[in-house]
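The values are calculated or read from the model by the stated rules, or taken from the named source; none is laboratory data. Computed from a predicted model, the values in this text were never measured in an experiment. Here the Cβ is made from the backbone with ideal geometry for all residues, glycine too, and neighbour counts use every protein chain on show. The accessibility values were calculated without ligands, DNA or RNA, using every heavy atom of the protein model including side chains. Shrake-Rupley method; radii C 1.70, N 1.55, O 1.52, S 1.80 Å.
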Amino acid sequence: MRFSKLLGRTLKEAPSDADCISHQYLVRSGMIQQVATGVYSYMPMGWRVFRKIENIIREEMDRAGGQELMMPSLQPLELWEKSGRLPSFDKTIFIVTDRKEHKLAMGPTHEEVITDLVRRTVQSYRDLPQLPYQIQNKFRDEPRPRGGLLRVREFFMKDLYSFDTDEASLDQSYKKMVQAYKKIYARCGLPSVMVEADSGAIGGKASHEFMLITESGEDEIIYCSKCDYAANTEKATSIKKPNPPEDLKSVEEVSTSGLKSIDEVATFLGVKADQTLKSVFYVADGKLVFVVIRGDFEVNEVKLKNALKCNDLHMATVAETKEAGLVAGYASAIGLKNVLIVADDSIKLGNNFVAGANKPDTHLKNVNYPRDFKANVIEDIARARAGDPCPRCQGELKAQRGIEVGHVFKLGTFLSERLGAYYLDKDGSSKPIIMGCYGIGLGRLLAAAVEQNNDEKGIIWPLPIAPYQLYLCPIKTEDVKVMETAERLYSDLTAAGIEVLFDDRQESPGIKFNDADLIGIPLRVVVSPRTLQSNSVEVKWRREKQSQIMPLEGLVSNLCTMLQVNG
RNA sequence: CGGGGAGUAGCGCAGUUGGUUAGCGCGCAGCGUUCGGGACGCUGAGGCCGGAGGUUCGAAUCCUCUCUCCCCGACCA
């Protein structure tokens with residue numbers, strides 16, 4: 001490709017509203033352009049990267065036994081009503097109305113459609129297992145799109161669905177996909193980490209996410225420094241250390257005027273945070289929920305949501321708290337009536353806690369469960385913390401940030417049952433097909449690749465997904481000999497199967513080098529009067545500082561070798 | 001949806017106590033000088049000041065409504 005003909009220009013300054021690196025560099029390098037909130041066009045160069053990622057994914061899906069198909073974006077709402085997942089997706093579904101006032105969903109995902117498709121197609125155990133997949137755009141009216149391509153409303157997803165007859169077969173499908181996923185990220189040149197995950201709105205049982213580790217990641221990963229335990233904080237557990245046992249004392253009121261936070265109260269009474277009980281109020285599907293947890297822990301809202309099996313969960317507002325008659329800062333579960341109380345199991349790991357007295361400026365000492373209060377639900381609803389012991393091996397847990405670039409789920413049979421996808425087993429009995437689903441966000445992966453691979457000058461694409469492999473840069477384009485050499489190299493390299501971006505623009509060296517660094521093509525070849533004096537060119541990897549001078553003689557095959565060795 | 005901010009040239013911004021012709025930098029077009037890390041000179045094109053309504057002799061500037069975009073929380077590939 002000749003740079004002079006390329007659609008898209010590089011920008012010196014990023015739009016001020018781009019705040020994450022991938023967003024800035026992708027826009028500045030002319031790879032993407034925003035159309036609306038969370039809606040982007042891919043410019044030719046960005047689309048080349050996209051297609052490389054897509055091809056790697058497609059190859060690995062095919063290799064794992066997947067069969068590619070295409071399902072439409074428009075989906076009858078009836079399918080969603082049948083599957084019962086409408087409430088959990090709620091406002092994130094874009095709904096369009098046709099001329100007959102019939103409502104259609106812009107598919108946020110395709111489990112409903114594929115399950116219906118399989119229902120019509122698969123009848124016998126002989127037809128299973130199946131691994132259909134598609135690479136398609138999905139629509140989700142996200143509460144808050146952000147970070148350029150990292151979180152958008154129209155995005156491309158590879159989604160594969162597994163259909164199996166039994167758990168053992170599902171395990172196999174799941175394993176195949178996990179292997180394929182690891183292969184995909186590795187082939188893209190992007191080190192990934194697999195972690196245990198919550199299954200969220202998709203529903204289902206086992207679930208793992210694949211993360212690219214970056215500072216700027218939206219997710220926090222908890223992992224063990226000793227064993228291979230790793231989980232999204234949404235899901236992660238840790239061993240909660242019990243307080244030293246004490247004899248139960250009787251409840252005592254203390255005045256704590258003006259002291260509201262755990263820290264303030266604990267400091268005032270000369271106890272540690274883990275000797276207090278924290279109260280937090282939530283509203284779950286419109287109902288107030290009272291949450292109790294040991295003072296040194298924080299509530300994990302995902303776990304809480306799962307414990308409550310609700311669709312909507314938010315912290316209670318001041319008004320909602322007042323309405324329920326709770327005294328913020330001094331509330332506790334003691335003596336509460338007609339309110340759902342959910343407790344973290346940490347409340348059992350100690351005695352004689354300090355808790356609110358349900359009246360202003362007063363706390364209670366020596367509160368004990370279950371002597372002084374009860375809870376409707378007691379479960380693990382705490383955020384696992386770095387520094388705590390690993391639930392598997394007691395090793396120390398650590399935390400890191402990452403970007404979720406893939407998610408696999410064992411769905412089980414709830415969708416096939418609701419949508420009527422049954423098969424006839426060997427014994428003639430009708431059974432629901434066991435499902436799994438496996439997604440990769442392509443644009444997100446592209447953006448995450450940039451988050452993971454950049455420097456102050458710009459992007460540093462891993463070779464397998466770079467828009468072009470080689471950047472060919474003649475300096476002093478009026479110099480006939482330089483241009484002749486460059487033109488010849490361009491056609492020879494192209495003929496040798498190398499993807500070349502040929503910077504034939506009449507620009508100063510500074511502009512060209514800076515653009516090259518910004519765009520991030522892995523290998524740079526410079527032809528100039530200076531290098532030609534010794535019948536050579538300058539060759540430099542984007543990732544490295546040092547360049548080398550290589551003779552024109554045998555250059556094309558030498559470059560091919562360099563690219564092969566490093567590809 | 002709750003809280004905070006922004007819409008002026010392709011991009012980044014100034015101008016906002018109402019006052020003539022709306023500016024600057026980058027980019028863009030032409031000519032010339034340059035040519036190994038965003039070079040320089042000259043000339044030039046490009047704006048209903050997000051939209052609608054109002055106040056006024058006069059509105060980018062004041063008022064009302066509206067749309068769009070960004071940031072912080074709930075969502076997720």
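Note on A:Lys249: lysines with a C-alpha under 16 Å away, same-chain residues under 8 apart excluded, are A:Lys348, A:Lys365. For the pair A:Thr413 and A:Ser491, label points projected 7 Å from Cα toward Cβ lie 6.7 nm apart. Extension gain for A:Asp425 to A:Lys12 (0.36 nm times residue separation, less C-alpha to C-alpha distance): 142.3 nm. With contacts taken as Cα pairs under 8 Å at a separation of at least 6 residues, segment A:252-379 carries a relative contact order of 30 percent. The distance separating the Cα centre of segment A:363-428 from that of segment A:214-230 comes to 17 Å.
A:Phe513 contributes an accessible area of around 60 Å² to the protein surface, as traced by a 1.4 Å probe with all chains present. For chain A, dividing the convex hull volume of the Cα atoms by the residue count gives 207 Å³ per residue.
With a Förster radius of 35 Å applied to the beta-carbon distance between A:Asn55 and A:Arg543, the computed FRET efficiency rounds to 0.95.
If you average the alpha carbon positions of segment A:337-354 and of segment A:501-567, how far apart do those two centres end up, in angstrom? Each part's Cα centre sits 66 Å from the other's.
Over all directions, the projected convex hull of the C-alpha atoms in segment A:252-379 averages 6.9 nm² in area. The string of couplings for segment A:67-73 from the Karplus curve (6.51, -1.76, 1.60, θ = phi - 60°) is 10, 7, 9, 10, 10, x, 6 Hz, one whole number per residue in order, with x for Gly and Pro.
Nonpolar atom fraction for chain A, defined as the carbon and sulfur part of the 1.4 Å probe accessible area, stands at 49 percent. Taking 19 Å as the straight-line reach from the Cα of A:Lys272, the aspartates and glutamates in range (excluding those fewer than 8 positions away in the same chain) are A:Glu246, A:Asp247, A:Glu252, A:Glu253, A:Asp263, A:Glu264, A:Asp296, A:Glu298, A:Asp344, A:Asp345, A:Asp388.
Taking the Cα centre of each part, how many Å lie between segment A:17-63 and segment A:82-101? Cα centroid to Cα centroid, the span is 28 Å.
Under the 0.36 nm per residue contour assumption, what length would be gained going from the current alpha-carbon distance of A:Ala186 and A:Asn311 to full extension?
Length gained between A:Ala186 and A:Asn311: 41.4 nm.
Applying a threshold of 24 Å to the alpha-carbon distances of A:Lys82/A:Lys431; A:Lys82/A:Lys176; A:Lys457/A:Lys481; A:Lys183/A:Lys410 flags A:Lys82/A:Lys176; A:Lys457/A:Lys481 as lying beyond it.
Here, segment A:476-518 yields an orientationally averaged convex hull projection of 3.1 nm² when only Cα atoms define the hull. A cysteine counts as unpartnered when no other cysteine's C-beta lies under 4.7 Å of its own; in chain A this applies to A:Cys20, A:Cys188, A:Cys310, A:Cys437, A:Cys473, A:Cys560. A Förster distance of 30 Å, applied to the separation of the beta-carbon atoms of A:Lys457 and A:Arg144, puts the FRET efficiency at 0.50.
Which whole-number value in Å² is the accessible area per residue of chain A, probe 1.4 Å?
On a per-residue basis, chain A sits at 46 Å².
Dimensions of segment A:468-566 based on its C-alpha atoms, expressed as ranges along the principal axes with the largest first, amount to 34, 29, 23 Å. Taking the longest Cα principal axis of chain A as reference, the axis of helix A:442-452 is set at about 90 degrees.
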